[in-house]
1. Going from most exposed to least, what order do S93, S289 have by accessible area with a 1.4 Å probe?
2. In nm, to one decimal, how far is the S289 label point from the L9 one, both placed 7 Å along Cα→Cβ?
3. Using the Cβ atoms and a cut-off under 14 Å, what net charge is assigned to the surroundings of G80, where Lys and Arg are +1 and Asp and Glu are -1?
4. Please give, to one decimal in nm, the separation of the simple spin-label points placed at A272 and R134, each 7 Å out from Cα toward the Cβ.
5. Rolling a 1.4 angstrom probe over the protein chains, ignoring ligands and nucleic acids, what is the accessible area of V164 in square angstrom, nearest 10?
6. Please report the accessible area of R132 (heavy atoms, 1.4 Å probe, ligands and nucleic acids excluded) in Å², nearest 10.
7. If the range 240-280 were replaced by its equivalent ellipsoid, with semi-axes equal to the square roots of 5 times the Cα gyration tensor eigenvalues, what would those be, largest first, whole Å?
8. Any idea of L90's accessible area? Nearest 10 Å², probe 1.4 Å.
Amino acid sequence: MRKLLVLALVGLAAQLVDGSLGMAYGLTSSTLLLVVGVAPAAASASVHLAEIGTTFAAGVAHWRFGNVDWRVVSRIALPGAIGAFAGATLLSSISTKSAAPWMAGILFTLGAYLLVRFSRPLRTDRIGGRLRGRFLGPLGLVAGFVDATGGGGWGPVATPALLVSGRLEPRKVIGSVDTAEFVVAGAASVGFLIGLGTEGFLLPTVLALLIGGLIAAPLAAWLVRIVPAQLLGAAVGGVIVLTNARTLIRSAELNGPVRPALYALLAAGWLAALVFAVRALRRARVTASTTEAATAATTVAEAAPVTASKAATEAVTATVTDTPSGHAAEPHGGSVPAGLAGTGTSSAR
């Protein structure tokens with residue numbers, strides 16, 4: 001019972017991170033299962049089965065908070081499902097540990113790029129640009145394959161690639177990736193079911209992870225909406241760097257004092273990136289406030305002559321309206337009504 005409670009808390013924490021950063025549910029959950037001695041295929045199969053429920057809840061929550069770009073979801077989900085099915089089928093019979101260092105190196109590089117990118121003021125001139133299908137399709141295929149074979153990886157591959165493109169808001173990147181993962185998790189589960197059978201799924205573990213994930217999904221979707229993009233990007237970069245540094249350090253068999261020294265150096269770099277991100281965020285807010293104030297002042301100044309002209313027109317209209325109809329002002333030298341002219345002639349006589 002205690003073990004299932006711990007797994008539920010892990011599922012809660014993993015979904016909280018995944019829903020707010022767009023990654024790490026599978027990596028966190030699979031890592032714990034491997035630590036306790038679960039076979040890689042069974043660990044990945046159980047995590048993906050739990051993800052069917054957690055990603056559905058996360059997708060609905062992100063949709064309600066406006067964090068989903070459905071065009072991106074439609075272009076990335078199907079290739080991701082194909083890659084996940086192929087990866088699950090392959091992992092059921094073959095280990096892909098030899099490919100882990102190469103993928104970790106790619107992800108580490110992307111994470112470092114994100115740290116640099118989000119530690120500086122963000123460019124917004126590309127937001128709203130179209131992400132082409134020829135980019136989203138291969139990305140989904142690779143991310144789905146890595147996700148199934150590694151027990152996690154959909155978010156670490158797809159999220160940084162979309163963030164680096166700079167064409168989508170970070171919160172919409174995360175919401176779209178999480179929503180598409182529902183299809184990917186379903187395809188991976190089908191692949192594991194075919195390759196391993198029902199005995200490949202650890203149902204108590206699946207249930208515990210699912211409960212924790214369902215509790216955290218709405219909170220994570222709300223959190224990603226209020227966390228500034230500047231900080232969110234820096235946080236994502238740090239998670240990617242530290243997660244993949246662990247794989248690289250183990251592959252290089254670095255032991256002794258070198259390992260903690262490298263972790264400390266990477267943590268210091270992450271902290272520095274967060275500090276720079278906060279400074280850039282403050283500067284951006286000050287600039288935005290100044291721009292808004294200048295715009296408001298210009299609008300008031302432009303509206304003032306129009307208001308004065310309108311007031312003058314209303315005053316003239318009111319004067320004309322208030323003049324008696326029989327004594328209306330006329331142009332000098334204008335014609336005199338016949339009745340008045342006759343009256344004047346008779347009087348003169």
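The values are calculated or read from the model by the stated rules, or taken from the named source; none is laboratory data. Note that this is a predicted model, so its numbers are computed, not measured. Don't worry about glycine lacking a Cβ; one is built from the backbone with ideal geometry, like all the others, and counts go over all protein chains shown. For the accessible areas, the whole protein counts, side chains as well, though only heavy atoms, and no ligand, DNA or RNA atoms are used. Shrake-Rupley method; radii C 1.70, N 1.55, O 1.52, S 1.80 Å.
1. Largest to smallest exposure gives the sequence S93, S289.
2. The two pseudo-label positions are separated by 4.1 nm.
3. Net of charged neighbours comes to -3.
4. In this crude label model, A272 to R134 measures out at 3.9 nm.
5. 40
6. 140
7. Equivalent-ellipsoid dimensions as semi-axes: 24, 11, 4 Å.
8. Near enough 60 Å² of accessible area.
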